[in-house]
Structure formats: C-alpha cells, structure tokens
Amino acid sequence: MDTREFETQLRQGGYLDVETKKAAPNFLSKPHTHEFDVRALIVDGQLALTREGRTDTYRAGQIFEMEAGCLHTEQYGAEGTTYLVGRRHKAAN
C-alpha cells in the first residue's frame, strides 16, 4: 500500500497522531501497553508483535492494528524497521 493512501485512511479512521518511525535493529521491547489504539504499516524491515501468547510477524507492505491497553512486546528485524504509525486517542470524559 502507498504510504500517502495509508495516511489518508488513518486520518479518516480517527488516527490523528501520525508519524514515520525507525526502530533499531533487533530491538526487543519489554512487555507494555499503550493508552491509544494503534494502526501501522511496515514500510521497510519487519516486526514480530507478541500479544495474548501469540507472535505475528509483519513485513514491508503489511498492516497491523492493536487496541489500547493490549499487553504486548515488539521485536524488530535484523536490518531495523521503518513504519508509518497512527495513534487514535480515546476522547476524555
């Protein structure tokens, strides 16, 4: 998918906090959560995302989504990873 098209889809879906990020080669995060929903497109490299006891690997051109509060770890590929990410923050009450 084209990054401009993906960014347009993000904004239409309420993912207003959008940026391109680069992760270091082989970086492995500690288990953590986010206070926002995530939708991301892998631009280059790969990401192994582990959540609910299952690991899924996403490569260039693939999209993943994750709801706020999901406990997970992230492991990036040997060449590093570039991804376009959108964050959708919950409205304050």
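The table for this structure:
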{"item": "Residue within segment 42-61 that is touching a Gly at 6+ places or on another chain (Cβ under 7 Å), more than 17 Å from G77 (Cβ to Cβ) and surrounded by 12 or more Cβ atoms within 10 Å (Cβ to Cβ) present", "result": "no"}
{"item": "Of residues in segment 16-25 being closer than 22 Å to A48 by Cα and of a type outside the set (G, A, S), the one farthest from the chain's Cα centre (by Cα)", "result": "P25"}
{"item": "Matching residues in segment 19-41 - criterion: being of a type in the set (D, E, K, R) and over 12 Å from E74 (Cα atoms)", "result": "E19, K21, K22, E35, D37, R39"}
{"item": "Single residue of A91, A68 found to be outside any strand (DSSP E or B) and without any contact (Cβ under 8 Å) to a residue 24 or more places away in the chain", "result": "A91"}
{"item": "Options K21, K30: the member that is exposed (fewer than 15 other Cβ atoms within 10 Å of the Cβ) and part of a loop (DSSP other than H, G, I, E, B)", "result": "K30"}
{"item": "Of all residues in segment 1-18 being within 28 Å of A78 (Cβ to Cβ) and either in contact with a helix residue (DSSP H, G or I) (Cβ under 9 Å, 6 or more places away or on another chain) or assigned to a loop (DSSP other than H, G, I, E, B) (or both), the one that is modelled with the highest pLDDT", "result": "V18"}
{"item": "Residues of segment 57-68 satisfying the condition of being under 12 Å from the mean Cα position of the chain (by Cα), over 19 Å from H89 (Cβ atoms) and not hydrophobic (A, V, I, L, M, F, W, C)", "result": "T57, Y58, R59, Q62"}
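The values are calculated or read from the model by the stated rules, or taken from the named source; none is laboratory data. In this text, all values refer to a predicted model and were calculated from it rather than measured experimentally. We place every Cβ from the backbone using ideal geometry, glycine too, and count neighbours over all the protein chains shown.
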